[in-house]
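A short worksheet on the structure shown next.
The values are calculated or read from the model by the stated rules, or taken from the named source; none is laboratory data. This one's a predicted model, so the numbers in the text were calculated from it and none came from an experiment. Note that we place each Cβ from the backbone using ideal geometry, even for glycine, and neighbour counts take in every protein chain shown. Heavy atoms of the whole protein, side chains included, go into the accessibility calculation; ligands, DNA and RNA do not. Shrake-Rupley method; radii C 1.70, N 1.55, O 1.52, S 1.80 Å.
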Amino acid sequence: MHDNTPSALSILKKRFGYTRFRGAQAEIIAHIQNGGDALVVMPTGGGKSLCYQIPSLLRPGMGIIVSPLIALMQDQVSALVQNGIRAAFINSSQSAHESREVMQRAAAGDLDILYMAPERLVMTSTLAFLSQQQIALFAIDEAHCVSQWGHDFRPDYLHLSLLAERFPSVPRIALTATADGITRDDILHRLAMGSATPFVAGFDRPNIRYRIVIKNNPRRQLRQFLESEHPTDSGIVYCLSRKRVEAFAEWLCDQGYRALPYHAGLPASTRRENQAHFLREEGIIMVATIAFGMGIDKPDVRFVAHMDLPKSVEAYYQETGRAGRDGLPSTAFMTYGYEDVVMLRQFVENSNAEENIKRIENQKLDALLGLCETTSCRRQGLLGYFGEEHPGECGNCDACLEPAETWDGLIAAQKALSCVYRTGQRFGVSYLSDVLLGKHNERIQQFGHHRVSTFGIGTELNNKEWRSVYRQLVAAGYLMVDISGHGGLRLTERSRPILQGKQKVLFRKERRGRNRSGSERTTVVKRQAVVFDSAADRALFETLYQLRDRLAREQSLPPFVVMMDRTLEEIAVKKPINRTELAMIHGIVERKLEQYATPLLETVEEHLRKLAQQDI
Ligand code: ADP
Ligand code: ZN
């Protein structure tokens, strides 16, 4: 099975600049090379592309890559061409003349890799053309688009099953980062790939640090997060509504960050421009609704910050997964609050979906809240949701780094629940805590709730602490938010054992900030990106960074297509002084050597010379 490994390996080094395969890449490549079909399920950043790019180079003919992301084809192809690979794309953004030229190259056997949108591939003329060419393989990227269960259903994908009939001897490889089993089975079924071998990788993204905090002052929390951990990095800030996207983007700009908005309400041209800036320039923060993201092929997104709750754990995983595709340390930061829960529940309630779909969506939201409120390892919880076991104590999430203190909350929970009951199960958190605290305000008087037995029985906690108690009770399913009314809280079946004192309740302790009203969780984890041994190495890295910027601008390419951060870091640390040493650096392929060896080596030499002079 591995008889191809040496040549696959040499391509890996020569064309992609890497020394070894990751995970199941070698196996998958061998399988396709031998003509087998495969379903590849790997997390974002796992290295799916090589699984079809290398077999396209190894097998006779060209590999046809089906991708829904027309906007990204250009960059994908530029990156390959930069590595000296004969690649092109055909899509609706080209003139007829341009696509004709690509077809001619294909017909002349001058292409190894050809990208296409699904609607183009299934056109009669395209199929007729392809049936006369030698095809190495068909790769169906973002394959979950074929499934209605997936989050990006595209009807055009349904037609791709015809590849099985039209090209029975050409191997097919379907790829997705979507983890759940229903979608996976659906893909195999709908693409008529019943006999494909599944390759399912683990879903852990060890380089992503997860942190989830209670929302109290989102702007200040975001600013603190950026200042302390990602002052100059590229990242994505997700918000739930268009209005919030615009407000946050504007505010970030006022704070001196380079932020751009992205949501479905902006004209297509603005969206395209903003996306291009984000991809091509350093240090831009994209503030977006979830409309932004699928397949954002930018490897150096250093953080994803959710200012509002996503819809589900899957959505959280997908969205945070856009950080750190290059494998370098990155952060997934989220603030969430009780208001988010009410709002999302209302979304579900007001949608036109059937009751059972609504129920599932509510369950999904519950699972997400569970993840937010957990006091144990977030990574373990996250992977557990996808059925993957993780021993916990990952050392790279807030729960592991700053373990939450807990307190025995049975009595408080009983007071909180009975207050809900005594006031008629229709009030929200603020009102309920006022009753517990014995406040004599107008509303309470009006409803006569200064006479209920729970009035004033909760003075041992303050307002913020009662809010936290209620939030945690909702997250754990001991209370539910009644969205048919005004978002009041109601008891559930699970409330009873607590009221009867039969159930243990542990609450997460809210940290009190330095001042009482201040932030309860200051960000204590410092940015842990590359640590250079010396200031000199860092200085060299920065010079290289500027060099890359210039090279990228000269060729109008995104900087990461010219060279990855990781490549620059390795050069700064190892300081190669000749081509042979430079060729050993991660990401330096033959073609890059030809193009960039001179400026890179000159920069290193100049640096070493300056250092030597200082020593004297
Ligand atoms: P996916 O499509 O699964 O999200 P990519 O194919 O874009 O992931 O790969 C993510 C990153 O990892 C890219 O920068 C890619 O060049 C890099 N990569 C992939 N395979 C390897 C490998 N074997 N060694 C080192 N880096 C790799
Ligand atoms: Zn952890």
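About its Cα centre, the chain has a charge dipole of approximately 1540 debye under the convention of +1 per Lys or Arg Cβ and -1 per Asp or Glu Cβ, with nothing else charged. Given in Å, the Rg to one decimal and the Dmax to the nearest whole number for the Cα atoms of region 208-401 are 16.4, 47.
With both labels modelled 7 Å from their Cα along Cα-to-Cβ, the Thr459 to Glu349 distance reads 3.5 nm.
Each Lys or Arg adds one and each Asp or Glu subtracts one; over the other residues with Cβ under 11 Å from the Cβ of Tyr431, this totals +2.
The Stokes-Einstein estimate for region 268-321, based on a Kirkwood radius over Cα pairs and taken at 25 °C with 0.890 mPa s viscosity, is a diffusion coefficient of 202 µm²/s. Pairs of Cα atoms nearer than 8 Å and 6+ residues apart set the relative contact order; for the chain it is 13 percent.
Once the piece of chain linking Met584 and Glu101 is laid out straight, how much longer is it, given 0.36 nm per residue of separation minus the C-alpha distance between them? Full extension from Met584 to Glu101 adds 170.2 nm.
Can you find, among Ile411, Gln318, His390, the residue sitting farthest towards the positive end of the charge dipole of region 291-450, where Lys and Arg contribute +1 and Asp and Glu -1 at Cβ? Result: Ile411. Computed about the Cα centre, the dipole magnitude for region 46-124 is approximately 160 debye when only Lys and Arg (+1) and Asp and Glu (-1) carry charge, each at its Cβ.
Inter-label distance, Phe386 to Arg86: 3.7 nm, where each label sits 7 Å from its Cα along the C-beta direction.
The charge dipole of region 208-401, taken about the Cα centre with unit charges on the Cβ atoms of Lys, Arg (+1) and Asp, Glu (-1), comes to about 320 debye, rounded to the nearest 20.
Distance between the pseudo-spin-label points of Ser228 and Lys358 (7 Å out from Cα toward the beta carbon): 4.1 nm. When each of the peptides 13-24, 334-345 is scored by the mean number of other C-beta atoms lying within 10 Å of its residues, the order from highest to lowest reads 334-345, 13-24. Size estimate for region 1-156 follows the Kirkwood approach: the inverse of mean 1/r over distinct Cα pairs works out to 16.2 Å. Averaged over its residues, the chain has an accessible area of 44 Å² per residue, based on protein heavy atoms and a 1.4 Å probe. Cross-link check: pairs Lys298/Lys364; Lys215/Lys504; Lys415/Lys504; Lys464/Lys502; Lys13/Lys574; Lys48/Lys574 evaluated at a Cα-Cα cut-off of 21 Å; pairs beyond the cut-off: Lys298/Lys364; Lys215/Lys504; Lys464/Lys502; Lys48/Lys574. Cα-based values for region 309-402, radius of gyration first and Dmax second, are 14.5, 43 Å. Note on Thr270: accessible area approximately 40 square angstrom, rounded to 10, probe 1.4 Å, nucleic acids and ligands left out. Computed as a quarter of the hull surface, the mean projected area of the alpha carbon convex hull for region 535-615 stands at 4.9 nm². Taking R0 as 35 Å, what's the FRET efficiency between Ser430 and Glu246 from their Cβ-Cβ distance, rounded to 0.05? That gives a FRET efficiency of 0.80. When Arg378, Arg550, Arg467 are compared by accessible surface with a 1.4 Å probe, the order from highest to lowest is Arg550, Arg467, Arg378.
Here region 50-115 has an Rg and Dmax of 11.2, 31 Å, counting Cα atoms alone. Measuring nothing but protein heavy atoms, the accessible surface of the chain at 1.4 Å probe radius is 50 percent carbon and sulfur.
A convex hull fitted around the alpha carbon atoms of the chain yields 181 Å³ per residue. The residues neighbouring Lys415, those whose beta-carbon lies less than 13 Å from its own, together hold a net charge of -1 under the Lys/Arg +1, Asp/Glu -1 convention.
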